[in-house]
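Step one of this worksheet: look at the structure below.
The values are calculated or read from the model by the stated rules, or taken from the named source; none is laboratory data. If you're wondering where the values come from, they're calculated on a predicted model, not measured in any experiment. Glycine also receives a Cβ, built like all others from the backbone with ideal geometry; neighbour counts cover every protein chain displayed.
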Amino acid sequence: MASMVGMDFKNSCHPELVSGSKIHEIESMQKIPLRIMIFGRSGGGKSTFALKLHKHCNIPLYHLDKHFFESNWVERDYQEFLEIQQKIVNFETWIIDGNAVRSLEMRYCRADLVLYFNYPRWLCYWRSVKRLFNKDSQIDDRAPYCRETISFRLLCYMWGFEKRVASQITFLKDIYPQAKFIELRSDENLRELEKELLK
């Protein structure tokens, strides 16, 4: 599909959540965002949506886990990872999928649109287990020989994710108001967003 970057569109979704699930406000945006940051609890569907958005809008897609880890889940030197990430962020257009919580600001400060996948813990746990046996082969978000796995460390990371990033989100929203921030708590929220971004 031809690139949609820079094309006019109306009513891109900016949800304010009522009772944690319903969107009650839709704001207009002038163009398809050039730089889209996607993060959130593992198992929330970030990579799946990132791939869908990439295919539809023809915006380059980068999965941070491919760069944070080397083969067999060995962590890359952190400074090297930051340098790789900075090079990606400096590109004119991108979709960046991944957490790397310590460097959220590096991406946020350049983003036009920030999507925070904050789905319920139980659902993310279930999807993480399901992914062990039924992962979309088109999602190329791992370094070589990094097979899908679930560890106690990962489960703890998922459990405390919302609390871990809460203060950062508040801070970043305040100092980078140009980035449109959308929190997605359910598939209903995501469908509303897709109606606008994937027209």
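Here are the numbers for the structure shown:
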{"quantity": "Of all residues making up segment 66-101, the number that are basic (Lys, Arg) and assigned to a helix (DSSP H, G or I)", "calculated": "2"}
{"quantity": "Checklist (1) closer than 23 Å to Glu70 by Cα; (2) touching a residue at least 12 places away in the same chain (Cβ under 8 Å); (3) in a helix (DSSP H, G or I); (4) not polar (S, T, N, Q) applied to Arg153, failing item", "calculated": "(2)"}
{"quantity": "Selected residue (criterion: modelled with the lowest pLDDT) from residues of segment 176-199 that are of a type in the set (Asp, Glu) and surrounded by 15 or more Cβ atoms within 10 Å (Cβ to Cβ)", "calculated": "Glu196"}
{"quantity": "Some residue of segment 63-74 being touching a residue at least 40 places away in the same chain (Cβ under 8 Å), buried (at least 18 other Cβ atoms within 10 Å of the Cβ) and in contact with a Leu (Cβ under 8 Å, 6 or more places away or on another chain)", "calculated": "no"}
{"quantity": "Residues satisfying the stated conditions in segment 176-199, i.e. over 14 Å from Ala50 (Cα atoms) and not charged (D, E, K, R)", "calculated": "Tyr176, Pro177, Gln178, Ala179, Phe181, Ile182, Ser186, Asn189"}
{"quantity": "Segment 109-132 - residue that is within 15 Å of the chain's Cα centre (by Cα) and closer than 18 Å to Lys163 by Cβ and, of those, surrounded by the most Cβ atoms within 10 Å (Cβ to Cβ)", "calculated": "Phe117"}
{"quantity": "Tally, over segment 83-105, of residues that are more than 21 Å from Ser42 (Cα to Cα) and either free of Cβ contacts under 8 Å to residues at least 12 places away in the same chain or not aromatic (Phe, Trp, Tyr) (or both)", "calculated": "9"}
{"quantity": "Residues of segment 130-175 satisfying the condition of being modelled with pLDDT of 80 or more and touching a strand residue (DSSP E or B) at 6+ places or on another chain (Cβ under 6 Å)", "calculated": "Lys173"}
{"quantity": "Residues within segment 87-108 that are basic (Lys, Arg), surrounded by fewer than 18 Cβ atoms within 10 Å (Cβ to Cβ) and under 10 Å from Arg35 (Cβ atoms), tallied", "calculated": "0"}
{"quantity": "Among (1) part of a helix (DSSP H, G or I); (2) touching a helix residue (DSSP H, G or I) at 6+ places or on another chain (Cβ under 7 Å); (3) under 20 Å from Asp187 (Cβ atoms), the one test that Ser42 misses", "calculated": "(1)"}
